[in-house]
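Asker: Would you mind keeping the following structure in view while I ask a few things?
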Amino acid sequence: MKLLCVVEVNNRLLPTLSLLSRRGRKSTLRIVSMGNIPNTAVLLHQTAENVSGTTYKIFNNVETIFSRFINEGKATIRLKLPEVDLSIKADPLQLKCFLKTFASLLVKKDSSESKLPKLNSTSDRRLPPGQVKTKLVITKVSELPSSRYPITLTTLQINNVRLKTIDSRIYSLRVLKVLNISNNQITNLPKQLGFMNLKELYLADNRLGTAQNWNWVSFDMIQSSLQLLDLTNNQLKCLPVELGRFNSLVTLRLCNNRIVRLPPGIGKLKSLKNLSIANNRIEWLPSTFRSLRLTLFDISKNNFKQGNQRNTEFEIPSLAQLAASVFLDLNTRYSSKTLPPTLVSYLDCFTECECGRPTLSSRPFLLEEFEARRVCSSLVWDSALGINSTVGLHCCQPQCATDYFQALHRYMANPGYQSGISQELHVHQSTVSKTIDEVSDLIVQKVNV
């Protein structure tokens, strides 16, 4: 049996011999059996400097075991020869299991009663559920653990310690649900974060905008489990399109950044209830935001453009865009398990044309005024601007834009016109998208061949 811990070896002859004190070092304690000979087990103490280790006899060589603070992961073994005290710091549960095994070796197997000191009774008891360490708050560098974090943690909060990356020891916390590492200097998040089953992730007041590394958002585990994501005040200029795959996300905070555009997939998150995008540089919202059903929507202090601005230039789609639109038209489900991550990210960039077809146009053909209060119960916005926000409408080909403007003109000319613009476009979809249909058929034929 072994124990990963920090051990400080204190020589009790220190005052008389004037020996230098030793600091605690990262160590491994092992209980090693010496063959089949009874009562010959030894305690092996290994460090990085002393790989071969130092052995201490166990049977009839332990004066006492101090375990008063074992619930805090601290204990001391006092040996007779040599006259040293082994001060141990480790995970409380692992330390208890180790000392329980260690104490069982103090008893001679053929004796009915032990004359040696036993481990305190508190160490043999299991911790009541109310005393299991499930939350740890760290606000100073000195409070960071020297060994592992308690494996029973469900909430971990590390603030104001100038972390530049996530401590790799955190990834071993299998039951961790809430991770708060706000107010640090983190610039990069490793992909291991995507394999954690977190429900809440607080990353506010860091420096994530300098690196723009979003590999961790591509993994299914974090996408399916995360319910709250706080990216406030991170100097972000853009967001990954994979955010549109966080289907369990309820709260998303993006305040105090430099974001100009939002991924269209955010508007398709059915579980999203609280969205804060205040104090950014957003010029318009994706048209998918019209289908949101929010409780709180904060859009204040942004750079929303005025509505009714038209873009007469139409971008000619590339062959890759046409092929991707054909694939999306088939309504085929895809994920990182079936497609390469780069291709998944590319497909997630697509938004919907007003006729219902997918499109990858970077600029909308029309900026339309949008009453954001229609999609939320509580709205925070700049009333002095005279409008709530602006949505960008995209089209897959020029004919779609023409039909939309004609339908909009009829709607504005006749207030009693109730059929709706989008419904009219869907009725004429077969004639509107004739060109793309021909290209789609050609691509499908090439694939079949």
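The values are calculated or read from the model by the stated rules, or taken from the named source; none is laboratory data. Computed from a predicted structure; not experimentally measured. Don't worry about glycine lacking a Cβ; one is built from the backbone with ideal geometry, like all the others, and counts go over all protein chains shown. Only protein heavy atoms, including side chains, enter the accessible area calculation; ligands, DNA and RNA are left aside. Shrake-Rupley method; radii C 1.70, N 1.55, O 1.52, S 1.80 Å.
Asker: From the list ARG207, ARG261, ARG245, ARG253, which one is among the charged types (D, E, K, R) and in contact with a helix residue (DSSP H, G or I) (Cβ under 9 Å, 6 or more places away or on another chain)? Spell out how you get there, then give the answer.
Answerer: Numbers: ARG207 fails: in contact with a helix residue (DSSP H, G or I) (Cβ under 9 Å, 6 or more places away or on another chain); ARG261 fails: in contact with a helix residue (DSSP H, G or I) (Cβ under 9 Å, 6 or more places away or on another chain); ARG253 fails: in contact with a helix residue (DSSP H, G or I) (Cβ under 9 Å, 6 or more places away or on another chain).
After applying the criteria, what remains is ARG245.
Asker: If you don't mind, another one. Hey, can you tell me all the residues within the stretch 237-253 that are surrounded by fewer than 19 Cβ atoms within 10 Å (Cβ to Cβ) and under 19 Å from ILE186 (Cβ atoms)?
Answerer: If the condition is that a residue be surrounded by fewer than 19 Cβ atoms within 10 Å (Cβ to Cβ) and under 19 Å from ILE186 (Cβ atoms), then LYS237, CYS238, PRO240 are the ones that fit.
Asker: Would you point out the residue of the stretch 68-84, among those that are modelled with pLDDT of 90 or more and open to solvent by less than 70 Å² (accessible area, probe 1.4 Å), that is nearest to the chain's Cα centre (by Cα)?
Answerer: Ranking the candidates gives GLY73 first.
Asker: Identify, from the list ASN206, ASN160, ASN197, the residue that is outside any helix (DSSP H, G or I), more than 18 Å from LYS89 (Cα to Cα), open to solvent by 70 Å² or more (accessible area, probe 1.4 Å) and at pLDDT 90 or above.
Answerer: On the way: ASN206 fails: open to solvent by 70 Å² or more (accessible area, probe 1.4 Å); ASN197 fails: open to solvent by 70 Å² or more (accessible area, probe 1.4 Å).
Going through ASN206, ASN160, ASN197 in turn, just one is outside any helix (DSSP H, G or I), more than 18 Å from LYS89 (Cα to Cα), open to solvent by 70 Å² or more (accessible area, probe 1.4 Å) and at pLDDT 90 or above: ASN160.
Asker: Count, please, the residues in the stretch 228-239 that happen to be touching an Asp or Glu at 6+ places or on another chain (Cβ under 9 Å) and part of a loop (DSSP other than H, G, I, E, B).
Answerer: Within the stretch 228-239, the first condition is being touching an Asp or Glu at 6+ places or on another chain (Cβ under 9 Å), and the residues that meet it are 228-230, 232-234.
From what is left, the residues that are part of a loop (DSSP other than H, G, I, E, B) are 232-234.
Result for the stretch 228-239: 3.
Asker: Next question, about the same structure. Specify which of the listed residues (LEU179, LEU189, LEU153) is in a strand (DSSP E or B) and open to solvent by less than 30 Å² (accessible area, probe 1.4 Å). Quick ask: steps written out before the conclusion?
Answerer: Details: LEU189 fails: in a strand (DSSP E or B); LEU153 fails: in a strand (DSSP E or B).
Exactly one residue qualifies, and that residue is LEU179.
Asker: Next up: Return the pairs, sorted by first residue and then second, in which the second residue is acidic (Asp, Glu), the first residue lies in the stretch 135-148 and is under 13 Å from LYS89 (Cα atoms), the beta carbons are less than 7 Å apart, and the residues are 6+ apart or on different chains.
Answerer: As it stands, the answer is SER147/ASP91; ARG148/ASP91, since those pairs meet every condition given.
Quick grid of which residues meet (1) surrounded by 13 or more Cβ atoms within 10 Å (Cβ to Cβ); (2) at pLDDT below 75; (3) in a loop (DSSP other than H, G, I, E, B); (4) of a type outside the set (Phe, Trp, Tyr):
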site: ASN303; (1), (2), (3), (4): no, no, yes, yes
site: SER325; (1), (2), (3), (4): yes, yes, no, yes
site: GLY356; (1), (2), (3), (4): yes, yes, yes, yes
site: GLU368; (1), (2), (3), (4): yes, no, no, yes
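Asker: Next question. Tell me, which residue of the stretch 177-194 that is within 13 Å of the chain's Cα centre (by Cα) and at pLDDT below 95 is farthest from VAL137 (Cα to Cα)?
Answerer: Let us first name the residues in the stretch 177-194 that are within 13 Å of the chain's Cα centre (by Cα), namely 177-182, 188-194.
Those still in the list that are at pLDDT below 95 too: 188-194.
Details: ASN188: 22, LEU189: 21, PRO190: 22, LYS191: 24, GLN192: 22, LEU193: 20, GLY194: 23 Å.
The selected residue is LYS191.
Asker: Let me ask something else about it. Return yes or no: is LYS135 modelled with pLDDT under 90, open to solvent by 50 Å² or more (accessible area, probe 1.4 Å) and not β-branched (Val, Ile, Thr)?
Answerer: Details: modelled with pLDDT under 90: no; open to solvent by 50 Å² or more (accessible area, probe 1.4 Å): yes; not β-branched (Val, Ile, Thr): yes.
The answer is no for LYS135.
Asker: Looking at (1) closer than 19 Å to SER146 by Cα; (2) outside any strand (DSSP E or B); (3) at pLDDT 85 or above; (4) of a type outside the set (Ser, Thr, Tyr), which one does GLU49 not meet, given that it meets all the others?
Answerer: Going through (1) closer than 19 Å to SER146 by Cα; (2) outside any strand (DSSP E or B); (3) at pLDDT 85 or above; (4) of a type outside the set (Ser, Thr, Tyr) one by one, GLU49 breaks only (3).
Asker: Out of the residues in the stretch 119-132 that are surrounded by 11 or more Cβ atoms within 10 Å (Cβ to Cβ) and assigned to a loop (DSSP other than H, G, I, E, B), which is modelled with the highest pLDDT?
Answerer: We begin by selecting, within the stretch 119-132, every residue surrounded by 11 or more Cβ atoms within 10 Å (Cβ to Cβ); these are 119-120, 122-124, 127, 132.
Remaining after also requiring assigned to a loop (DSSP other than H, G, I, E, B): 119-120, 127, 132.
Working: LEU119: 39, ASN120: 39, LEU127: 47, VAL132: 76.
Among those that are surrounded by 11 or more Cβ atoms within 10 Å (Cβ to Cβ) and assigned to a loop (DSSP other than H, G, I, E, B), it is VAL132.
Asker: Of all residues in the stretch 209-218, how many are open to solvent by 10 Å² or more (accessible area, probe 1.4 Å), of a type in the set (A, V, I, L, M, F, W, C) and closer than 12 Å to PRO240 by Cβ? Break it down into steps so the answer makes sense when it comes.
Answerer: Taking the stretch 209-218 as the starting set, the residues that turn out to be open to solvent by 10 Å² or more (accessible area, probe 1.4 Å) are 209-215, 218.
Filter once more, so that each one left must be of a type in the set (A, V, I, L, M, F, W, C): 211, 214.
Now drop any that are not closer than 12 Å to PRO240 by Cβ, which leaves 214.
The total comes to 1.
Asker: Kindly indicate the residue of the stretch 266-293 that is within 14 Å of SER377 (Cβ to Cβ) and at pLDDT 95 or above and also surrounded by the most Cβ atoms within 10 Å (Cβ to Cβ) among those meeting that condition.
Answerer: Applying the first criterion (within 14 Å of SER377 (Cβ to Cβ)) to the stretch 266-293 yields 272-275, 292-293.
From what is left, the residues that are at pLDDT 95 or above are 272-275.
Values: LEU272: 21, LYS273: 19, ASN274: 17, LEU275: 25.
So the residue we want is LEU275.
Asker: Among residues belonging to the stretch 2-38 that are of a type outside the set (A, V, I, L, M, F, W, C) and out of contact with any strand residue (DSSP E or B) (no Cβ under 9 Å at 6 or more places or on another chain), point out the one that is modelled with the highest pLDDT.
Answerer: Quick first cut of the stretch 2-38, residues of a type outside the set (A, V, I, L, M, F, W, C) only: 2, 8, 10-12, 15-16, 18, 21-28, 30, 33, 35-36, 38.
Keeping just the survivors that are out of contact with any strand residue (DSSP E or B) (no Cβ under 9 Å at 6 or more places or on another chain) gives 15-16, 18, 35-36, 38.
Details: PRO15: 55, THR16: 49, SER18: 40, GLY35: 58, ASN36: 59, PRO38: 67.
So the residue we want is PRO38.
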